[in-house]
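What follows is a single structure, written as structure tokens, with notes after it.
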Amino acid sequence: MTRKTVRIAMNGVTGRMGYRQHLVRSILALREQGGLGLGDGTVLWPEPVLLGRRAYALEALAEKHGLDEANISTDVDAVLADDSVDIFFDAAMTSGREEVLKKAIAAGKHVYTEKPTATGLDGALELARLARAAGVKSGVVQDKIFLPGLLKLKRLIDGGFFGEILSVRGEFGYWVFEGDWQEAQRPSWNYRSEDGGGIVVDMFPHWEYVLHELFGRVTSVQALTATHVPQRWDENGKPYDATADDAAYGIFELDGGAIAQINSSWAVRVNRDELVEFQVDGTEGSAVAGLRNCRAQHRSSTPKPVWNPDIPATYSFRDQWQEVPDNQEFDNGFKAQWELFLKHVYADAPYRWDLLAGARGVQLAELGLKASAEGRRVDVPEITL
């Protein structure tokens with residue numbers, strides 16, 4: 001067995017997502033399992049280089065997880081100039097992502113990044129072109145298709161369970177506290193459009209790859225956005241005006257004829273089993289998938305309800321659905337995609353979630369905002385490099 005150390009610059013690891021999902025549950029989890037085997041006797045050993053603006057926060061993370069304090073830095077340019085660093089990962093603020101990814105590509109680093117990859121489609125496509133021209137490999141986090149619930153849903157699709165898929169209905173969101181009497185569970189920049197915030201910019205890239213991967217490419221979008229909570233309080237307890245949308249109600253036409261409707265909101269209280277759920281209806285059956293669970297109802301076992309508001313229901317609609325079994329062990333979705341990207345970089349394994357795929361998400365967010373501003377349906381053209 002040959003162990004190959006892979007140094008990964010991780011920018012933005014002091015943030016919630018960068019720390020919990022990417023550092024702890026992905027990279028450090030790979031170290032805990034002894035590295036990542038490539039199948040040829042080589043085991044990759046990830047060595048994170050922690051990047052951020054606050055040295056004291058990086059030092060605290062290094063101490064907490066037993067990492068070498070020599071592998072922390074607040075100087076992005078110095079880390080990119082280090083030839084021992086192969087991969088640059090970014091989970092910092094959206095508004096600075098395009099610039100830092102350009103620097104990483106110019107430095108010859110393979111890049112892996114959170115979404116959105118840029119603040120507009122032109123910038124996202126430029127990143128994809130730059131990476132291709134530089135001969136570096138790229139990956140964009142598309143974690144939700146690796147969730148157990150959606151993997152079970154895909155199993156149903158691949159098995160022909162639905163027949164012809166007619167529609168997809170998604171509900172996502174939860175109440176994000178304003179920050180005055182209870183601390184907000186999301187950073188304040190998410191609610192300032194000038195800092196790259198907004199639920200359309202954040203969530204429509206997710207919906208693009210979920211719909212594209214499972215049901216078909218999005219061919220048109222209609223959307224209505226809202227800022228339901230106009231004032232919030234930042235991390236220092238100071239009030240500020242929320243300039244970004246905190247809710248979006250979208251309708252998407254899909255290649256093949258299915259219609260998807262997805263509501264996204266940070267101003268909704270949850271009355272469903274999971275924070276996100278998708279109901280898929282087809283001619284032969286239906287299913288409801290969340291983060292972890294998936295329930296199905298086949299045509300042969302579909303009841304025949306009759307509308308009668310004069311008497312109480314004597315049965316539970318939820319009890320008429322059947323749980324889709326796990327049938328396998330599910331790993332953390334972020335970790336699963338990290339493994340695929342590392343195998344892509346070091347073993348040339350197939351990988352399709354690159355910067356061009358990320359640009360499709362930016363495109364859908366951009367056109368969703370346009371559709372809302374203009375009050376009309378907007379076509380979503382296919383993009384290529």
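Which one is nearest to GLU235 (Cα to Cα) among residues in region 1-25 that are among the β-branched types (Val, Ile, Thr), out of contact with any Pro (no Cβ under 6 Å at 6 or more places or on another chain) and not in a helix (DSSP H, G or I)? Step through it out loud before you land on a result.
To start, the set of residues in region 1-25 that are among the β-branched types (Val, Ile, Thr) comprises 2, 5-6, 8, 13-14, 24.
Now narrow it down to the ones that are out of contact with any Pro (no Cβ under 6 Å at 6 or more places or on another chain): 2, 5, 13-14, 24.
Subsequent filtering for residues that are not in a helix (DSSP H, G or I) retains 2, 5, 13-14.
Values: THR2: 46, THR5: 38, VAL13: 18, THR14: 14 Å.
So, considering only residues that are among the β-branched types (Val, Ile, Thr), out of contact with any Pro (no Cβ under 6 Å at 6 or more places or on another chain) and not in a helix (DSSP H, G or I), the one nearest to GLU235 (Cα to Cα) is THR14.
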Every residue from region 160-210 that is touching a Leu at 6+ places or on another chain (Cβ under 7 Å) and surrounded by fewer than 17 Cβ atoms within 10 Å (Cβ to Cβ): TYR174
Here the residues within region 83-99 that are buried (at least 18 other Cβ atoms within 10 Å of the Cβ), farther than 18 Å from TRP189 by Cα and out of contact with any Lys or Arg (no Cβ under 8 Å at 6 or more places or on another chain) are PHE89
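Determine, yes or no, whether ASP77 is part of a loop (DSSP other than H, G, I, E, B) and either among the small types (Gly, Ala, Ser) or at pLDDT 95 or above (or both). Even if it seems obvious, please write down each step before you answer.
Working: part of a loop (DSSP other than H, G, I, E, B): no; either among the small types (Gly, Ala, Ser) or at pLDDT 95 or above (or both): yes.
Answer is no for this residue.
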Against the condition part of a loop (DSSP other than H, G, I, E, B) and under 24 Å from LEU153 (Cα atoms), how does GLY216 come out, does it pass? yes
Counting only residues that are over 16 Å from the mean Cα position of the chain (by Cα) and either of a type in the set (S, T, N, Q) or surrounded by fewer than 17 Cβ atoms within 10 Å (Cβ to Cβ) (or both), region 104-118 contains a total of 2
Filter region 148-159 down to the residues that are surrounded by fewer than 22 Cβ atoms within 10 Å (Cβ to Cβ) and either in contact (Cβ under 8 Å) with a residue 40 or more places away in the chain or part of a loop (DSSP other than H, G, I, E, B) (or both) and list them by number. PRO148, LEU151, LYS154, ARG155, LEU156, ILE157, GLY159
Quick check on LYS144: is it under 15 Å from the mean Cα position of the chain (by Cα) and surrounded by fewer than 21 Cβ atoms within 10 Å (Cβ to Cβ)? yes
Do the conditions hold for TYR351, that is, is it in contact with a strand residue (DSSP E or B) (Cβ under 7 Å, 6 or more places away or on another chain), part of a loop (DSSP other than H, G, I, E, B) and over 24 Å from ASN271 (Cα atoms)? yes
Does any residue of region 163-177 turn out to be in contact with a Lys or Arg (Cβ under 9 Å, 6 or more places away or on another chain) and either at pLDDT below 95 or charged (D, E, K, R) (or both)? yes
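The values are calculated or read from the model by the stated rules, or taken from the named source; none is laboratory data. All figures in this text were calculated on a predicted structure; none of them were measured in a lab. Heads up, the Cβs are rebuilt from the backbone with ideal geometry, glycines too, and the neighbour counts pull from every protein chain shown.
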